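The next block holds one structure in the form of structure tokens; read it before the comments.
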Amino acid sequence: MHIGFVNFNTDEKKRVAKMMQTIKEQEAVEELGIGRVRDHFSNTLFPGTSTLQHHAKYFVVLPWIYYNAITGEKRFKNRQEVNRYIREQEILLTISLDEGNPGRTGITGKEKLAAAKTDYTQYVKYNPTYIYSSGMCKYGIVANTNIEKLILDLNRAHNDELTEENEQKINCSEFIATCGENYDLGPKKPLSLDLTKKESEFIKDKIMALEGDPMLKQLIIWQEKQDPKYEMTDYFEAGKFVVKHPQEKLYRHSVIFSKLIHILDWRYNYVYYNSFHAIDPNAGYEEKAKKCDKEYEDLRGKFIDTYDQERVGEMLAYIGTIDHNLTKFCRECYDAILKNTPDSKAQIDWLIKEREADVKTRKRSKIGNTAYKGKDRIAPQPIEYRWTTVKEIVTEIAKAQFKE
């Protein structure tokens, strides 16, 4: 895969970096099948988040749109009418956010505005409702993720005439929670992505009401105590925020797993390029394979020096409860990494080939597949478990608390 971009400004670089990170993580899932474990860590540490989310504002404006759809004068006949209404409201929201936040990234649907303004069906496939519905459901903002059916059913119930069987109108707030703010959407009606205190408190209260004690709660508490200009660092420095926290050990497991997979991703790239060198020795694959081998060796040394066998063993035992086959693969690779002999490296290469064959079926494997000959691999990065999203949302919630 070849991806390039023109470097215009810092915001554009950040946007592209987010996109590249998402692609890198998707490739890791495709080749080594780490999705179940990665998503387990992400969902447990940071419930309600996803890599497609960007701003907390959507958690307050979207339910307001839904509530107005239910309680307004319009009576929907079917889900198609609801779908059109929601898409058109989302387009107006995108226009307002675009006008109110010049230079800001993460505004869903911005790239499709020109076409969507005249034809709502040209709006983005992954629209705001699709992106944020699971989080809104997780936080108890909406009753379920089937938003269109929920709106249709509640709209009908709200508009039904009172009868002996239906002595009072349905309380829609039991199914759609709103923060109490009102919004005016559309052209010439700019809307800031920054949260008001009322919006911030609403989202914070919903997250803090989550069962258990996920790391997400602790980050919100910690960030609220900081100078509003303070920005949290990368995921692998986040451990200092959860010292003596119930999920501290889980976080440590997630870091060790990420670093181990990072090593194996580089080894995968080595095996990938080396397989094509065997087919075409003069095409330059040998040099690419050597670079990957060097990265593997460098990371291997840092990993062994940082994480002792006991901590790695605890991590492997933990992920064994989630994905037995992946754990077996990781354990065998780790044992070979410790030995670090030519034979053990060859063993890792064989394990990687077999793992990809199991994950993708042999016909779809990329290693040695001439259909992929000439296609470079992206430089692997450690898995960060939606950290970009989490940092942004936590920072936005905390920032509102410092407003006058």
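Here, each number is a calculation from the coordinates, and none is a lab measurement. Bear in mind the structure is a predicted one, so any value in this text is a computation, not a measurement. Ideal geometry is used to build each Cβ from the backbone, glycine not excepted, and the neighbour counts take in all protein chains shown.
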- [ ] Please enumerate the residues belonging to the range 52-69 that are touching an Asp or Glu at 6+ places or on another chain (Cβ under 9 Å) and either free of Cβ contacts under 8 Å to residues at least 24 places away in the same chain or within 12 Å of Leu93 (Cβ to Cβ) (or both).
- [x] His55, Lys57, Val60, Val61, Leu62, Trp64, Ile65
- [ ] Would you confirm whether any residue within the range 159-174 is in contact with a helix residue (DSSP H, G or I) (Cβ under 7 Å, 6 or more places away or on another chain) and either crowded, with 19+ Cβ neighbours inside 10 Å or within 30 Å of Phe46 (Cβ to Cβ) (or both)?
- [x] yes
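What residue, among those in the range 49-90 that are among the hydroxyl-bearing types (Ser, Thr, Tyr) and in a helix (DSSP H, G or I), is nearest to the chain's Cα centre (by Cα)?
Tyr58
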TODO: For the range 138-157, enumerate the residues that are free of Cβ contacts under 8 Å to residues at least 12 places away in the same chain and within 21 Å of the chain's Cα centre (by Cα).
DONE: Asn144, Asn146
Task: Complete set of residues in the range 103-129 that are among the hydroxyl-bearing types (Ser, Thr, Tyr), surrounded by fewer than 20 Cβ atoms within 10 Å (Cβ to Cβ) and either more than 19 Å from the chain's Cα centre (by Cα) or farther than 22 Å from Ser200 by Cα (or both) - done: Thr118, Tyr120, Thr121, Tyr126
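Are any of the residues in the range 268-282 in a helix (DSSP H, G or I) and among the acidic types (Asp, Glu)?
No.
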Task: Selection count, the range 381-404, where residues are outside any helix (DSSP H, G or I) and either surrounded by fewer than 19 Cβ atoms within 10 Å (Cβ to Cβ) or in contact with a Cys (Cβ under 9 Å, 6 or more places away or on another chain) (or both) - done: 5
